[in-house]
Amino acid sequence: MTPGNSSYDVVVVGGGHNGLVGAAYLARAGLSVCVLERLGHTGGAAVSVEPFSGQPARLSRYSYLVSLMPEQLMADLDLDVRLASRTTASYTPWVRGDRTGGLLVERPEGEATRASFRELTGGDDEYAAWQAFYAEVGRLAEAVSPTLMQPLPLERDVRSLVDERIWDEVVAEPLGRAITSRFTDDTVRGVVATDALIGTFASLDDPSLIQNRCFLYHLIGNGTGEWRVPVGGMGSVTDALAKAAVEAGAEIVTGAGVSAIAAGPDGAEVTFHDGSEQRSVTGRRVLSGVAPWVLRILLGEGEDAETKPAGSQLKINFLLDRLPRLRSGADPEVAFAGTLHLAEDYTQLERAYDAAAGGAVPDPMPGEVYCHSLTDPSILGDRAGSAHTLTYFGLHTPAALFDADPSARDVATARALASLDAVLAEPIADCLATDADGNPCLEAKIPQDVEKDLAMPGGHIFHGDLEWPWAPNRARLDTPAQQWGVQTEHDAVLLCGSGARRGGAVSGLGGHNAAQAVLAAL
């Protein structure tokens, strides 16, 4: 495919979900828009694929749940997307001496949740602390969420809306202090802590507070923090976004690898290769859906290895002939429906961080699992009812581990499976389906795979460390790009991806906010 014109109002570099959101908003506003996507398809990390030959299951290969995409954004673009709630929020198997059980958190929480806390801790105090903490976090989420589709508020304006204690705990001090002061049980502490570590390599006491920022983003989506299942798989979301952009008049060119962006005072020229020859188009504005580190290279500013982001995750996709039984005796259709925590007690998380920081693959490996097909069997095709998917996301597996030791991939995968087997009454290997060649249906992806497949530097799923979703009190907010948190050093080039302030996860916020900045400027 080739662009229909040589110049546009807006050229979007990257056809991931954020680029598609920006294109749809701008095309709906009457601007001419061209999206250039390196791969042969749009969607970026938010795609569905059939990874196992001979099996019809369409798995969400990379991104897999949705929380931060505002319902207002979905309504604005008339997206034909359904997000289904999970009946279980989380289930965490535990062992205390000769006692085994599981901490169940329902959605919504009810008497079974209270009883589960009581069985683990021997009383009601820990559950009362849990309810109090999340009620306060909920009020913080209710204050922040409405601002995400508005120009950046100042920090002091957001702070004035919430209780001083929760602000200090979540925003001002390392999150580990709040967790260890609020809760006494190691398992409960770990369940709280995991939201701070998704794709983020940090101790819970890290003074940089990157764990706090990760925690906040995981709990503010639509004011509730609920993570929902995209019916049809994650590809259904980006397919709907691509349709919305095209129907509004945007052109989408796939197989167009951008190699340079030349920014000028009145616009920018974007050079790309279409598979046969080098071409270029110009835009009054360019929206960059690639990571800021990659954008600097495209702008000719050089490759700075010292500032390159580094991801930290192990993603494993499974197709099973049946769900495995659990040692605790819990119903697998309850335990796997939400987030099943593995080796994620607070002390286990901190020991795993220390091991990985020292260059060793953690043992046991902390991670979490959920079953998409329990909430949405449609992704299984004609295997619905006779198979299930599992998605595993491992923590504290920084890219440096795999750079240093090529065998670390196999070690990390084996330890992830061991952490899962430790809570099962039967080996997960006995439940795996096989592909057309008789191979087990298991696919493992490390940060290096993310970089190779998606050009995300270092395999960092957020394009770099997350930022607070507000502006510092002394920030300059003179231009529309600054006001929306999408500015670069070039007026004609704006961030629209996960690297924008308020970017990260499948939210579309980067695309929405960049589009608003363009409309305000043009």
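Go over the candidates 400, 416 one by one and state the one that is touching a Leu at 6+ places or on another chain (Cβ under 7 Å), surrounded by 15 or more Cβ atoms within 10 Å (Cβ to Cβ), part of a helix (DSSP H, G or I) and at pLDDT 95 or above.
416 is the lone residue from the list that is touching a Leu at 6+ places or on another chain (Cβ under 7 Å), surrounded by 15 or more Cβ atoms within 10 Å (Cβ to Cβ), part of a helix (DSSP H, G or I) and at pLDDT 95 or above.
Could you tell me which of the residues 430, 491, 449 is on the phi < 0 side of the Ramachandran plot, crowded, with 16+ Cβ neighbours inside 10 Å, charged (D, E, K, R) and outside any loop (DSSP other than H, G, I, E, B)?
Details: 430 fails: crowded, with 16+ Cβ neighbours inside 10 Å; 491 fails: outside any loop (DSSP other than H, G, I, E, B).
Result: 449 is the single residue among 430, 491, 449 that is on the phi < 0 side of the Ramachandran plot, crowded, with 16+ Cβ neighbours inside 10 Å, charged (D, E, K, R) and outside any loop (DSSP other than H, G, I, E, B).
Could you grab me the full set of residues in segment 100-114 that are touching a helix residue (DSSP H, G or I) at 6+ places or on another chain (Cβ under 9 Å) and outside any loop (DSSP other than H, G, I, E, B)?
If the condition is that a residue be touching a helix residue (DSSP H, G or I) at 6+ places or on another chain (Cβ under 9 Å) and outside any loop (DSSP other than H, G, I, E, B), then 101, 102, 103, 104, 105, 106, 113, 114 are the ones that fit.
Would you call residue 150 surrounded by fewer than 17 Cβ atoms within 10 Å (Cβ to Cβ), at pLDDT 95 or above and outside any helix (DSSP H, G or I)?
Values: surrounded by fewer than 17 Cβ atoms within 10 Å (Cβ to Cβ): yes; at pLDDT 95 or above: yes; outside any helix (DSSP H, G or I): yes.
Considered against the rule, which asks whether it is surrounded by fewer than 17 Cβ atoms within 10 Å (Cβ to Cβ), at pLDDT 95 or above and outside any helix (DSSP H, G or I), residue 150 comes out as yes.
Between residues in segment 205-220 that are charged (D, E, K, R) and residues that are outside any loop (DSSP other than H, G, I, E, B) and open to solvent by less than 10 Å² (accessible area, probe 1.4 Å), which pairs lie under 8 Å by C-beta distance while being six or more apart or on different chains?
205/176
Which residues, counting only those in segment 300-319, are of a type in the set (A, V, I, L, M, F, W, C) and either in contact with a Ser or Thr (Cβ under 8 Å, 6 or more places away or on another chain) or outside any loop (DSSP other than H, G, I, E, B) (or both)? Walk me through it before giving the result.
As a first pass, look at segment 300-319 and keep what is of a type in the set (A, V, I, L, M, F, W, C): 305, 310, 314, 316, 318-319.
Residues satisfying the conditions are 305, 314, 316, 318, 319.
Looking at segment 4-45 only, could you name the residues that are buried (at least 24 other Cβ atoms within 10 Å of the Cβ) and assigned to a loop (DSSP other than H, G, I, E, B)?
If the condition is that a residue be buried (at least 24 other Cβ atoms within 10 Å of the Cβ) and assigned to a loop (DSSP other than H, G, I, E, B), then 14, 15, 37, 42, 44 are the ones that fit.
Within segment 259-274, can one find any residue that is in contact (Cβ under 8 Å) with a residue 60 or more places away in the chain, small (Gly, Ala, Ser), in a loop (DSSP other than H, G, I, E, B) and surrounded by 18 or more Cβ atoms within 10 Å (Cβ to Cβ)? Quick ask: steps written out before the conclusion?
First, the residues of segment 259-274 that are in contact (Cβ under 8 Å) with a residue 60 or more places away in the chain: 261, 263-268, 270, 272, 274.
Pick out the ones that are also small (Gly, Ala, Ser) and you get 263-264, 267-268.
Filter once more, keeping what is in a loop (DSSP other than H, G, I, E, B): none.
No, that holds for no residue.
When the residues of segment 374-392 are narrowed to those that are of a type in the set (Gly, Ala, Ser) and part of a helix (DSSP H, G or I), which ends up nearest to residue 333 (Cα to Cα)?
Taking segment 374-392 and keeping what is of a type in the set (Gly, Ala, Ser), we get 378, 381, 384-387.
Of the ones still in play, those that are also part of a helix (DSSP H, G or I) are 378, 381.
Details: 378: 16, 381: 19 Å.
Per the stated criteria, the residue is 378.
Taking segment 225-251 as the region of interest, how many residues are outside any loop (DSSP other than H, G, I, E, B) and hydrophobic (A, V, I, L, M, F, W, C)? Walk me through it before giving the result.
Our first condition is that a residue be outside any loop (DSSP other than H, G, I, E, B); within segment 225-251, this holds for 228-230, 235-247, 251.
Now restrict to residues that are hydrophobic (A, V, I, L, M, F, W, C): 229, 237, 240-242, 244-246.
Residues in segment 225-251 being outside any loop (DSSP other than H, G, I, E, B) and hydrophobic (A, V, I, L, M, F, W, C): 8 in total.
Being out of contact with any Asp or Glu (no Cβ under 9 Å at 6 or more places or on another chain), hydrophobic (A, V, I, L, M, F, W, C) and open to solvent by 10 Å² or more (accessible area, probe 1.4 Å) narrows it down to one of 89, 112, 132, so name that one.
Values: 89 fails: out of contact with any Asp or Glu (no Cβ under 9 Å at 6 or more places or on another chain); 112 fails: out of contact with any Asp or Glu (no Cβ under 9 Å at 6 or more places or on another chain).
Answer to the selection: 132.
So, in segment 115-126, how many residues would count as being assigned to a loop (DSSP other than H, G, I, E, B) and open to solvent by 50 Å² or more (accessible area, probe 1.4 Å)?
Just the residues of segment 115-126 that are assigned to a loop (DSSP other than H, G, I, E, B), to begin with: 122-124.
From what's left, open to solvent by 50 Å² or more (accessible area, probe 1.4 Å): 122, 124.
Number of matching residues: 2.
The values are calculated or read from the model by the stated rules, or taken from the named source; none is laboratory data. Keep in mind that this is a model prediction, so the values were computed, not measured. In this analysis, Cβ positions are derived from the backbone assuming ideal geometry, glycine residues included, and neighbour counts consider all displayed protein chains. Surface areas here come from the heavy atoms of the whole protein model, side chains and all, with no ligands, DNA or RNA. Shrake-Rupley method; radii C 1.70, N 1.55, O 1.52, S 1.80 Å.
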